[in-house]
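Read through the structure below, which is laid out as structure tokens, and then see the notes.
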Amino acid sequence: MVQLEAQVVALVKAVIIAVAGYIIARSASPALEKIISREINAHIGRLARNLTFYALIALALLTAIGQFIDLTALLAAAGIAGIAIGLASQRSVSNIISGLFLLIDQPFTIGDAVSVGEDEGTVIDMSLLSTRLRTFDNKYLRIPNDTVAGSKIINYTKFDIRRVDMEIGIAYKEEVGKAIEVLIEMAKNHNEVLVEPEPQVFATKFSESSVDLVVRAWVPRTEFFRLRSELIMKAKKALEEAGIEIPFPHRTIYLGSGEIEKLKKQ
Amino acid sequence: MHLKVGQSTSEEIGDKSFEIERVSSYLVKIANEEKQWLSGVAGDVEVTTKYAFNELPYFFRFPNPLAAAPKTLLKIFLKLPLVEKLVLISGGKELTIHSHMENERKIWHGEVYKGVMCVHVEPEILTEPGNGEFANLPVRFSNKTDDVLSIKKFVLEPEYMILYQGENGLYTNKVYVDIVGENEVKMTYGRGTTDKAGKAELLIEQKAKPQKSILTKFTPMMHAKYFGF
């Protein structure tokens with residue numbers, strides 16, 4: 001009877017510990033996330049939240065189990081099981097280590113628009129195991145952290161301004177200096193192109209059908225795509241108005257004497 | 001203009017015109033060429049235009065450097081473009097319907113990877129204060145060194161600026177620009193304005209208390225220039 005009573009008391013204690021542990025984990029982890037997000041960044045905040053939550057839950061469960069059985073034997077068994085699980089979960093461990101490296105390296109944070117290898121999107125979450133993106137065409141993409149760490153990463157939102165590079169070919173008969181003048185005026189007169197760094201235009205190479213020029217104009221990052229499209233339209237219009245031809249690829253074929261007559265007869 | 005129920009008014013700001021109508025005690029309808037929307041109001045409703053400083057710092061870039069002889073003080077006025085705002089005032093609160101600044105162009109101050117977005121101002125020097133949709137900015141350029149120095153750029157922080165309604169136009173507080181090197185200026189923001197403003201009435205107070213003096217360096221975009229980027 002006494003033993004049953006003791007077991008009931010232990011069970012009640014265990015339940016209280018488990019419930020209290022859960023409540024503490026649920027409330028402490030978001031609070032910690034809030035503080036770390038404010039002080040460091042959202043990325044580390046989210047990770048700290050997950051780590052704290054699972055650590056507190058594990059601690060509460062172990063303490064609750066400790067009410068019934070001796071934990072020394074359990075921990076020894078857990079050690080052996082840990083080795084077995086560790087061997088079976090090498091990929092996960094690799095992901096966790098990569099996640100930690102990404103955390104230190106910080107090539108991006110939550111909310112950044114990035115390109116990871118072949119994929120592009122906005123970072124919506126990063127855990128110890130994986131990084132989640134919302135692709136620009138609104139798909140949910142989960143990339144394991146070891147893949148992210150081993151890929152080429154481009155962060156489109158790291159800096160506030162970006163350079164629009166626009167390649168334009170003009171016909172060989174045109175005066176290159178005049179075309180450069182027209183394009184630089186076009187870029188300088190565009191209201192949304194930054195005054196400084198100043199827009200630049202260079203002649204870059206002799207192509208098959210054109211002399212190639214490149215226009216470089218700096219714009220606010222948030223307006224990059226819209227302004228790139230606008231600058232392309234304005235450049236075409238400016239060159240047309242100045243009577244400068246933008247050629248399409250063409251080939252001149254020279255035929256030997258009498259060849260045209262032969263072709264006509266055929 | 002104070003709007004009563006059923007009354008309407010037309011207002012033009014920049015290149016846009018707005019039709020504002022008080023449709024009921026609690027609603028005002030605002031419309032322009034592109035769209036229309038409703039705004040909740042309470043009590044007395046007033047539609048008015050106000051001047052404000054741009055939220056971005058003002059980046060003054062002289063087309064030709066302004067040379068300052070050794071140990072000299074140059075007192076001039078510069079035109080400071082202001083933002084014109086169409087506002088609806090109701091229940092002690094302001095709702096900005098539209099804001100406009102003439103020839104607003106943005107310019108980057110700093111390196112391409114680290115800097116601040118500013119609004120570009122091509123300095124227009126006035127020997128005497130003017131009256132228009134701008135503020136007269138009393139600037140004192142000083143060169144305390146023994147060398148001839150020139151100034152090409154300086155940046156004005158809007159939160160340290162004060163706007164006054166003078167007797168013959170709008171004025172800001174005095175700004176002291178100490179040229180300390182070819183690409184280095186020390187800015188000091190005064191509190192008062194010039195005597196030429198006459199009896200000046202305060203319109204906009206400083207948003208922040210400035211430091212005693214602010215040193216600004218204009219570093220050329222080294223890596224970009226080196227590689228021709």
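Brief remarks on what is shown
- Scanning segment A:191-204 for residues that are buried (at least 18 other Cβ atoms within 10 Å of the Cβ) and touching a Leu at 6+ places or on another chain (Cβ under 8 Å) yields A:Val193, A:Val201.
- Subset of segment B:21-51 (residues that are closer than 11 Å to B:Val87 by Cα and not polar (S, T, N, Q)): B:Val45, B:Glu46, B:Val47, B:Lys50, B:Tyr51
- The listed residue being part of a helix (DSSP H, G or I) and open to solvent by 70 Å² or more (accessible area, probe 1.4 Å), out of A:Lys178, A:Lys158: A:Lys178
- Taken over segment A:124-142, the criterion of being modelled with pLDDT of 95 or more and among the aliphatic types (A, V, I, L, M) is satisfied by A:Leu133, A:Leu141.
- Scan of segment A:21-59 for residues that are under 18 Å from A:Leu102 (Cβ atoms), among the polar types (S, T, N, Q), touching a residue at least 24 places away in the same chain (Cβ under 8 Å) and part of a helix (DSSP H, G or I), ordered by number: A:Asn50
- All positions within segment B:56-99 that are in a strand (DSSP E or B) and either within 13 Å of chain A (Cβ to nearest Cβ) or touching a Gly at 6+ places or on another chain (Cβ under 6 Å) (or both): B:Tyr58, B:Phe59, B:Phe60, B:Arg61, B:Phe62, B:Pro63
- Residue satisfying all of: in segment A:176-204; charged (D, E, K, R) and in contact (Cβ under 8 Å) with a residue 40 or more places away in the chain; farthest from the other protein chains (Cβ to nearest Cβ) among these: A:Lys178
- Being in a helix (DSSP H, G or I), open to solvent by 60 Å² or more (accessible area, probe 1.4 Å) and closer than 30 Å to A:Asp125 by Cα is a condition met by no residue of segment A:67-82.
- Within segment B:100-131, the set of residues being away from every other protein chain (no Cβ under 14 Å) and either hydrophobic (A, V, I, L, M, F, W, C) or touching a residue at least 60 places away in the same chain (Cβ under 8 Å) (or both) comprises B:Ile125, B:Leu126, B:Glu128, B:Pro129.
- Taking strands (runs of 3 or more DSSP E) as the structural unit, those lying wholly within segment B:108-211 and holding at least 1 residues that are of a type outside the set (A, V, I, L, M, F, W, C) and either under 17 Å from B:Lys79 (Cα atoms) or within 16 Å of the chain's Cα centre (by Cα) (or both) correspond to B:114-121, B:134-143, B:149-156, B:163-166, B:169-172, B:175-181, B:184-189.
- Top-ranked residue of segment A:93-136 - restricted to ones that are open to solvent by less than 70 Å² (accessible area, probe 1.4 Å) and out of contact with any strand residue (DSSP E or B) (no Cβ under 9 Å at 6 or more places or on another chain), ranked as farthest from A:Asp160 (Cα to Cα): A:Val93
- Counting the residues of segment A:218-266 that are within 28 Å of B:Met117 (Cβ to Cβ) and among the polar types (S, T, N, Q) gives 2.
- Contacts under 6 angstrom Cβ, first residue in segment B:63-78 being within 23 Å of B:Thr193 (Cα to Cα), partner open to solvent by less than 50 Å² (accessible area, probe 1.4 Å) and not in a strand (DSSP E or B), 6 or more apart: B:Phe77/B:Pro129; B:Leu78/B:Pro123
- With respect to the conditions (1) hydrophobic (A, V, I, L, M, F, W, C); (2) closer than 30 Å to A:Gly150 by Cβ; (3) more than 29 Å from the chain's Cα centre (by Cα), A:Ala25 falls short on a single one, namely (2).
- Unmet requirement for A:Asp212, which otherwise passes all of (1) outside any strand (DSSP E or B); (2) over 29 Å from A:Glu120 (Cα atoms): (1)
- Restricted to segment A:205-251, and to residues there that are basic (Lys, Arg) and within 27 Å of B:Glu111 (Cβ to Cβ), the residue that is farthest from the other protein chains (Cβ to nearest Cβ) is A:Arg228.
- Counted residues, segment A:233-249 - those being open to solvent by 90 Å² or more (accessible area, probe 1.4 Å), hydrophobic (A, V, I, L, M, F, W, C) and in contact (Cβ under 8 Å) with a residue 12 or more places away in the chain: 1
- Exactly one residue among B:Glu11, B:Glu33, B:Glu19 is part of a strand (DSSP E or B), at pLDDT below 90 and farther than 30 Å from B:Val180 by Cβ, and that residue is B:Glu11.
- Filter pass, A:Thr252 being free of Cβ contacts under 8 Å to residues at least 24 places away in the same chain and open to solvent by less than 100 Å² (accessible area, probe 1.4 Å): yes
- Unmet criterion (only one of (1) under 15 Å from the mean Cα position of the chain (by Cα); (2) on the phi < 0 side of the Ramachandran plot) for A:Ala179: (1)
The values are calculated or read from the model by the stated rules, or taken from the named source; none is laboratory data. Remember, predicted model here, so these are calculated numbers, not experimental data. Note that we place each Cβ from the backbone using ideal geometry, even for glycine, and neighbour counts take in every protein chain shown. Ligands, DNA and RNA are stripped out before the accessible areas are found, and what is left, the full protein with its side chains, is counted by its heavy atoms. Shrake-Rupley method; radii C 1.70, N 1.55, O 1.52, S 1.80 Å.
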